[in-house]
Amino acid sequence: MTFWLRRLFLRDHRVGRDAAKRRESLSPTVGRYFLLVAFVMLGLGVHRRINLLMLLADALLVMAVLNIVAARRSVRGLRGRRRIGEWLFARTPCLVEVQVSNPSGRARSQLRIEDGGLEREAEWTVDRLPGNGKTSWRRQVTPPRRGRYLWAALRASSSYPFGLFERRLELIPQESVVVLPHLGWLHRGRFLRRLRELTAQPQPTAVRRSPRPHPAALTEFHGLRSYQSGDSPRLIHWRTSARRGELMVREFEDVPNDNLLLVVDPALPSHSDDCDVPLREQFEEVVGLAATICWEWCRQRGDRLTLAVATTEGTIVDGSTGPAQARRTLECLAVLECCPGPAHPAVLRGLGEQRLSPALVVLLALGPSALADPLRHALGRRIHCLDATRMDRFDFYKPSP
């Protein structure tokens, strides 16, 4: 009896085989004391030659073996499934559904289901799970902040029938999830009007560049005019030019689209340090505003949205607006960290290497950004700077509560 009990007990603790089968066996404290008492009684009975003690010890050991076998059969073959919302936002409740099914024809008894989470776990008890049956639970999880998390494993355990030993089975391993930044409310019309007001202000530094046609303006034919320096040769109307004896070009109505280049400066002001909690909270609002702008822009398809983050690597996410681009930009902002000191200029090299379409350029930062003038010179475009420290004056944006 002792040989078989030791074999069962050691078999449950083989790490390699348990990892391959996603299985783990635990011995509760009461089970360890139970075994201790049984072996002490067995030893005294053998040493003193007391048959009654040996018989009682054997009965206890039989109970332990039955408990181990029954608990193992209770969880063997169970299957689990967990559904988490595709869009997981910080400070926003998300519905999580957990389902456990029994594919065999034999009923299972006294099951305990443990589902991990971002900060706390949930636990449910199943008295009886019939054969070929399933049961499910739903709960709300509110991620406290953005970032990348490890969602703990989904486990099923049973100590049926005596509660001496517990058998635990890992149904779903831990998985990595990305919590997206919280979203506020953005009025698109007021936001564009704010940018037009910034456009009406004079440029701090004059930028010289050769005139060129606006590709986004080639929408509707407007008329013909004389050729000017900087016009594309492809716009020349050769038949009219030959008839009139001078070069004539086609003119199109200026109907620009809503392409947007959003540059986020994660640098904190120079007078701050890493322990400045208020500024770090303001930085979270900067990320929330950037995420809200990207989300609002991707609701309308057909435009171009480029997100550039002035990190050490110079992260650039470029693509056509839509759900896929919204996902890419929000995941980029979800793992963004603030940094002291000036913004890293690597993003300027990345933007210079890309073929950017004509778009509004918005620079979002905490206070005056040292990236404004270099960005203006690198792109040769007007930069609209938004100071997030004065977010209370924005009439186009309301942060989430």
Added length on full extension, which subtracts the Cα-Cα distance from 0.36 nm per residue, residue 327 to residue 33: 100.5 nm
Sequence of 265, 303 once ranked by neighbouring C-beta atoms within 10 Å, starting from the fewest: 303, 265
Relative exposure of 395, 231, judged by other C-beta atoms within 10 Å (fewest first): 395, 231
Computed lengthening from residue 84 to residue 335, 0.36 nm per intervening residue step minus Cα-Cα distance: 88.4 nm
Ranked 169, 56, criterion: other C-beta atoms within 10 Å, fewest first: 56, 169
The stretch 101-130 versus the stretch 137-176: alpha-carbon centroid distance in Å: 10 Å
FRET efficiency, residue 127 to residue 44 (Cβ-Cβ, R0 35 Å, nearest 0.05): 0.35
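Only the coordinates and a few stated rules stand behind these numbers; no lab work does. Everything quoted here is computed from the prediction, not taken from an experiment. All Cβ positions, even for glycine, are placed from backbone atoms using ideal geometry, and neighbour counts span all protein chains on display.
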